[in-house]
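Here's the structure, in structure tokens; my notes come after.
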Amino acid sequence: IFDFNSFEQLCINLTNEKIQQFFNHHMFTLEQEEYRKEGIKWDFIDFGLDLEPTIELIERNMGVFAVMDEECIMPKATDQTFLSKLHGIHSGKHPKYLQPSAKSNLGVIQVHFQIVHYAGCVGYNVDGWLDKNKDPLNENVVELFVKSKEPIFSKLFEAPEVVSSARSGGRKKGASFQTVAMMHKSAVEHLLVTLRSTTPHFIRCILPNMKKKSGVIEAGLVLEQLKCNGVLEGIRIVRKGFPNRLMYQEFVQRYTILAPKAIPPGFMDGMKATQLLVEALNLEENEYRMGHSKVCLVAVMSLQGKT
């Protein structure tokens, strides 16, 4: 968390917040929902990692972005009128919004408001926010860049609103009315639509120390990142649940070699064949669960000792 945070950092933090929410949904909600679908007895665990209140504070109706966009069209609006509106709407009313005390603002860096993010409380300085938010490229300039004969240059400036308006043939919405906040919000949503259409795998990048030195690990710093990123909760749910899941037919095909005489020749229902196989492998009751369509295992490693 930086000492000075402006509009750019809020955009970055919103992106991080939404991607972390995406991770939480897959890691905790969908993981536990899978057990319900398979008919496996499971007590739902609420890890308290819902980031929606912070996301709503930034991008929803009457959120930071909405108030800022509104102020950008007001003729006499200033950064301070924008800040006053934020305080009036959210101070003391929203759990993730904090108004710093006068005593805490005696330093060189002024903090005008604070937002409680998943990684901690971040203070923001609003100086210059309205000018930054009204700084999109002019529509005519963007169209000129898009028509460039340089393919890479053209691709870089191919904005979604320009493409859609050109294809529709209708009246174009002026790009000058698209604030930076609007465009950033749209870009993040487009990213999430892409992510939701995939089978995600997550790689966690951990900063080992603040000195940028190799071979140095600050345990407290690493632990704090693991807590903020939901990694520790992820480990907890994996240890409590059955993270390795296979369709019955796939399980039989893969592990029959470990007990070739367990399943009699001829056709047999996949669930029944799997039951015979796990019994032959002497798996303990707490090592697996039989679902409607899958066998769920605590760890595939438990099968290695059965060979």
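The values are calculated or read from the model by the stated rules, or taken from the named source; none is laboratory data. It should be emphasised that the depicted structure is a prediction, and the values quoted were computed from it without experimental measurement. Every residue, glycine as well, gets a Cβ built from its backbone with ideal geometry; the counts of neighbours run over all protein chains shown. The protein model used for the area step is the full one, side chains on, heavy atoms only, and it has no ligands, DNA or RNA in it. Shrake-Rupley method; radii C 1.70, N 1.55, O 1.52, S 1.80 Å.
Take GLU279 and decide whether it is at pLDDT 90 or above and over 22 Å from GLU34 (Cβ atoms).
On the way: at pLDDT 90 or above: yes; over 22 Å from GLU34 (Cβ atoms): yes.
Taking the combined requirement at face value, the residue satisfies it.
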From the residues in the stretch 242-265 that are surrounded by fewer than 14 Cβ atoms within 10 Å (Cβ to Cβ) and among the basic types (Lys, Arg), which one is nearest to GLN32 (Cα to Cα)?
ARG254
Of the residues in the stretch 124-150 that are open to solvent by 40 Å² or more (accessible area, probe 1.4 Å) and assigned to a loop (DSSP other than H, G, I, E, B), the one that is nearest to PHE4 (Cα to Cα) is ASP127
Members of the stretch 216-233 found to be surrounded by 14 or more Cβ atoms within 10 Å (Cβ to Cβ) and either at positive phi or outside any helix (DSSP H, G or I) (or both), listed by number:
ASN229, GLY230
Here are some conditions: (1) in contact (Cβ under 8 Å) with a residue 60 or more places away in the chain; (2) farther than 24 Å from MET182 by Cα; (3) assigned to a loop (DSSP other than H, G, I, E, B). ASN5 meets all but one. Which one does it not meet?
(2)
Taking the stretch 196-215 and keeping only residues that are open to solvent by 100 Å² or more (accessible area, probe 1.4 Å) and either at positive phi or part of a loop (DSSP other than H, G, I, E, B) (or both), one is left with THR199, HIS201, ILE203, CYS205, MET210, LYS211, LYS212, LYS213, SER214
Which one of these is farther than 16 Å from LEU130 by Cα, open to solvent by less than 60 Å² (accessible area, probe 1.4 Å), in a loop (DSSP other than H, G, I, E, B) and not hydrophobic (A, V, I, L, M, F, W, C): HIS94, HIS87?
HIS94
Provide a single number: the residues in the stretch 237-253 that are touching a residue at least 60 places away in the same chain (Cβ under 8 Å) and assigned to a helix (DSSP H, G or I).
2
Filtered residues of the stretch 28-65 (kept if out of contact with any Pro (no Cβ under 8 Å at 6 or more places or on another chain), surrounded by fewer than 16 Cβ atoms within 10 Å (Cβ to Cβ) and outside any loop (DSSP other than H, G, I, E, B)):
THR29, LEU30, GLU33, ARG36, LYS37, GLU52, GLU56
Here are some residues: VAL193, VAL162, VAL188. Which one is assigned to a helix (DSSP H, G or I) and either among the charged types (D, E, K, R) or at pLDDT below 85 (or both)?
VAL162
